[in-house]
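To start, the structure itself, in structure tokens.
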Amino acid sequence: MRVTILRPSYFMEMWLSPALGFDPANGRARIYGKGDAKGSYISLHDVASFAVAAAATLPDSPAVLEMGGPAPLSQLDAVAIFERTLGRKIELEKVPLAALEEQHRSTDPLQKTFAALMIGYAKGDVIPGSLETARRYGVTLHTVADYAATFRKPPRHTEIMAR
């Protein structure tokens, strides 16, 4: 059977969202660990494009497709991008790696799983060659700046009329 396994890095729409404490619309961001480890944030839209392209070009043998965004960024880099894009300061809440490791020692399997995910995120996940992989599959990768721009408030009707 010819298959392609898609292995995306961290989805920017999830890890840079209020669901996980990254709430730029309200000026707050939760940082796991020190926040300086690089990761290859990828858009869920790009993963969908990879899935379509991979289905159209089935390999001769099983393949694993490592997918990441256009440039590795740390959590703090992402905060800086949102601050520039939105023109406002974002207050940081830091969750130390030691607290995540303590949570990982929990006997509750759900707490253990969430802690493991956050520890992995804090340690980063750089996908080498992600731009070349995207080119090979004809996928144009979205940046964290593209995603941050979606948080800009559209001008109000009265502001448009004043122009």
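The numbers here are math on the coordinates, done by the rules we state, and not lab data. Given the structure is predicted, the values throughout are model-derived calculations rather than measurements. Note that we place each Cβ from the backbone using ideal geometry, even for glycine, and neighbour counts take in every protein chain shown.
On a straight-distance basis, which lysines could pair with K123 in a cross-link, Cα separation under 26 angstrom, same-chain partners fewer than 8 positions away excluded?
Qualifying lysines at Cα under 26 Å: K34, K38, K89, K94, K112.
Beta carbons within 10 angstrom, averaged per residue: use that to sort the peptides 55-61, 21-27, highest first.
Numbers: 55-61: 9.3, 21-27: 16.0.
Final packing ranking: 21-27, 55-61.
Report the relative contact order of region 18-163, percent, no decimals, based on alpha-carbon pairs under 8 angstrom and at least 6 residues apart.
Relative contact order for region 18-163 comes out at 37 percent.
Would you kindly calculate the mean projected area, averaged across all directions, of the convex hull enclosing the Cα atoms of region 46-126, in square nanometres?
The number I arrive at for region 46-126 is 8.3 nm².
Under the classification rounded if a/c is under 1.5, otherwise prolate if a/b is larger than b/c and oblate if not, where does region 42-81 fall, given a ≥ b ≥ c as square roots of the Cα gyration tensor eigenvalues?
Taking the square roots of the gyration eigenvalues as a ≥ b ≥ c, region 42-81 is prolate.
Less than 15 Å Cβ to Cβ from G69, Lys/Arg counted +1 and Asp/Glu -1: what total charge do the surrounding residues give?
-4
Quick one: dipole size for region 1-130, taken about the Cα centre, charges +1 on Lys/Arg Cβ and -1 on Asp/Glu Cβ, in debye to the nearest 20.
Value, rounded to 20: 140 debye.
With the Cα gyration tensor of region 4-76 in hand, give its eigenvalues times 5 under a square root as the equivalent ellipsoid semi-axes, listed largest first in whole angstrom.
Taking √(5λ) for each eigenvalue gives 29, 13, 8 Å, largest first.
With both partners inside the chain, how many of the DSSP beta bridges are antiparallel, as a percent to the nearest 5? Don't skip to the answer; put the middle values down first.
Values: 4 of 16 bridges.
Once the DSSP bridges in the chain are tallied, antiparallel ones form about 25 percent.
Just in region 1-109: which trypsin sites (Lys or Arg not before Pro) are loop by DSSP and have at most 12 other Cβ atoms within 10 Å?
Numbers: sites: R2, R28, R30, K34, K38, R84, R88, K89, K94, R105; in loops: R2, K34, R88, K89, R105.
Answer in residue order: R2, R88, K89, R105.
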